[in-house]
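Engineer: Supplied in structure tokens, the structure appears directly below.
Bear in mind that the values in this text are calculations on the coordinates, not laboratory data. In this text, all values refer to a predicted model and were calculated from it rather than measured experimentally. As a convention, Cβ positions derive from the backbone with ideal geometry for all residues, glycine included, and neighbour counts pool all protein chains shown.
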Amino acid sequence: MAYDEPSKSALQTKLVIRNIGLLLSGDLANPILDADTVVAVGDRIAAVGKEKDVDTSGATITIDAKGTALAPGLIDSHVHPVCGDWTPRQNQLGWIDSYLHGGVTTMVSAGEVHTPGRPKDVVGLKAMAIFAQRAFHAFRPGGVKIYAGAPVLEHGMVEDDFKELAAAGVKILGEVGLGSVKDGKTAHQMVSWARKYGIQSTIHTGGPSIPGSSLIDKDMVLETDADVIGHVNGGHTALPDDQIMALCERSTRALEIVHNGNERAGLLALRTAMELKQLDRVILGTDSPAGSGVQPLGILRMISLLSSLGGIPAEVAICLATGNTAKMRKLDCGLIAPGREASFVLMDKAQHSAGKNLLDSIQKGDLPGIGMVIIDGAVSAQRSRNTPPATAVPEVVT
Ligand SMILES: [Zn+2]
């Protein structure tokens with residue numbers, strides 16, 4: 001029996017956001033839009049344009065952006081959730097709600113591997129994946145959408161297991177290499193079965209993350225051929241430079257750069273992708289919670305790092321964390337365009353930043369100040385409690 005997703009609520013709210021000073025699309029091909037107004041009906045974007053050209057009548061909520069910038073809600077391509085808004089990794093409560101205050105509206109699980117007592121037998125790991133998918137679908141801390149239920153590969157899994165997982169609603173695998181399957185041949189076979197049934201895969205890249213995990217080198221990554229080369233800059237220990245460059249050159253899969261990786265290696269992967277004219281493959285994650293902690297501002301810090309030290313315009317860096325990740329992860333958020341998910345982050349340059357404006361401040365290495373976060377057309381957070389204070393802050397006017 002196929003699993004049917006619960007139907008979306010048919011709320012017909014109409015959200016109008018006007019007086020937007022800078023509209024960042026999330027689309028690498030056209031990162032800045034010539035528009036100042038966004039209209040959303042229910043949980044979808046209905047119109048984007050100049051205020052005089054779009055239908056703003058009948059708004060149930062109107063927001064004056066006060067000239068600040070609007071971008072798609074940020075996506076964290078690599079998190080390790082466990083249960084609700086608790087992480088045992090640093091024994092913290094409320095970590096997901098804290099990421100909301102860093103502009104993150106969507107998270108993708110790379111495996112619920114921190115679960116204490118995680119089952120490693122096949123029936124147990126399938127049950128846990130289905131449980132995690134259901135639980136995070138039903139419970140969204142702060143409104144953040146968490147795509148979870150990501151089983152890791154263990155020896156003994158057969159094709160029917162992937163068929164069964166897919167029919168049960170599982171759409172992603174946890175990082176290949178975190179379970180007992182650590183050889184390219186077996187991993188390639190299992191990733192191929194997963195792909196056949198529409199389940200996307202990610203592979204751990206680099207040295208072991210914690211005692212008990214192990215090295216995954218470029219040969220195993222290339223042989224496995226997972227959809228996403230997870231933390232190509234290591235998590236935290238990176239592969240040697242020639243191996244990172246070989247992964248960029250010899251694979252066509254997504255190149256994920258994470259906060260909990262080697263920053264120098266992240267910049268190398270970015271530069272190599274740019275030289276190959278394949279920036280569309282670069283996506284961003286935090287790989288958190290982890291040994292180095294919970295990082296509510298991790299995605300913003302990656303945007304600032306890659307822009308200030310990697311030499312890409314801030315509006316392009318923002319595309320890596322929005323439209324690029326949405327495309328690679330097959331999500332319908334991440335772009336400001338009619339029909340897409342109405343999830344936004346409104347930002348301005350931080351108070352007293354040396355930057356001339358928001359984009360210049362990011363290019364100078366500062367973090368932006370977040371003034372509001374909207375998920376599915378509803379305000380989830382106003383002035384962020386975590387970023388430096390934004391200079392101007394949007395206001396709900398009706
Ligand atoms: Zn990893």
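Engineer: Using only Cα atoms and rounding to the nearest 10 degrees, what angle (0 to 90) does helix 122-138 make with the longest principal axis of the chain?
Structural biologist: 10 degrees
Engineer: Right, next: Quantify how much of the Cα-Cα distance distribution of segment 52-133 extends past 17 Å, in percent.
Structural biologist: Cα-Cα pairs in segment 52-133 separated by more than 17 Å: 63 percent.
Engineer: Starting from the Cα of Asn357, step 7 Å along the direction of its Cβ; do the same at Asp219; then give the gap between the two resulting points in nm.
Structural biologist: 5.2 nm
Engineer: Something else about it: Helix 241-250: angle to the longest alpha-carbon principal axis of the chain, degrees 0 to 90, nearest 10?
Structural biologist: Tilt relative to the chain: about 80 degrees.
Engineer: From zero up to wherever the largest Cα-Cα distance of the chain sits, split into 10 Å bins and tell me the percent of pairs in each.
Structural biologist: 5, 25, 33, 24, 11, 2, 0
Engineer: Name the residue from Asn260, Ala110, Leu100 whose Cα lies farthest towards the positive end of the charge dipole of the chain, charges +1 on Cβ of Lys and Arg and -1 on Cβ of Asp and Glu.
Structural biologist: Farthest towards the positive end: Leu100.
Engineer: For a footprinting-style exposure proxy, rank Cys333, Cys319 by other Cβ within 10 Å, fewest first.
Structural biologist: Listed from fewest to most nearby Cβ atoms, that is Cys333, Cys319.
Engineer: So how strong a dipole does the chain carry about its Cα centre when Lys and Arg Cβ are +1 and Asp and Glu Cβ are -1, to the nearest 20 debye?
Structural biologist: 380 debye
Engineer: Here is a further query. Can you tell me which of Leu153, Leu215, Leu93 moves the most in a GNM of the chain? Springs connect C-alpha atoms under 10 Å apart.
Structural biologist: Leu93
Engineer: Can you tell me the order of 22-35, 116-129 when each peptide is scored by its average per-residue count of other Cβ atoms within 10 angstrom, highest first?
Structural biologist: With the highest mean Cβ count within 10 Å placed first, the list reads 22-35, 116-129.
Engineer: Given the C-alpha centroids of segment 276-307 and segment 122-168, what is the distance between them in whole angstrom?
Structural biologist: First find each Cα centre; the distance between them is then 24 Å.
Engineer: Ile210 versus Lys120, label points 7 Å from Cα toward the beta carbon: distance in nm?
Structural biologist: The two pseudo-label positions are separated by 1.4 nm.
Engineer: Which value in Å is the Kirkwood Rh of segment 265-398 over different Cα pairs?
Structural biologist: 15.7 Å
Engineer: Based only on other Cβ atoms within 10 Å, what is the fewest-to-most ordering of Val221, Val379?
Structural biologist: By the 10 Å Cβ count, ascending: Val379, Val221.
Engineer: Out of residues 5 or more away from Ser380 or on other chains, whose amide H comes under 5 Å of its own, with H placed 1.01 Å from N in the peptide plane?
Structural biologist: Val373, Ile374, Ile375
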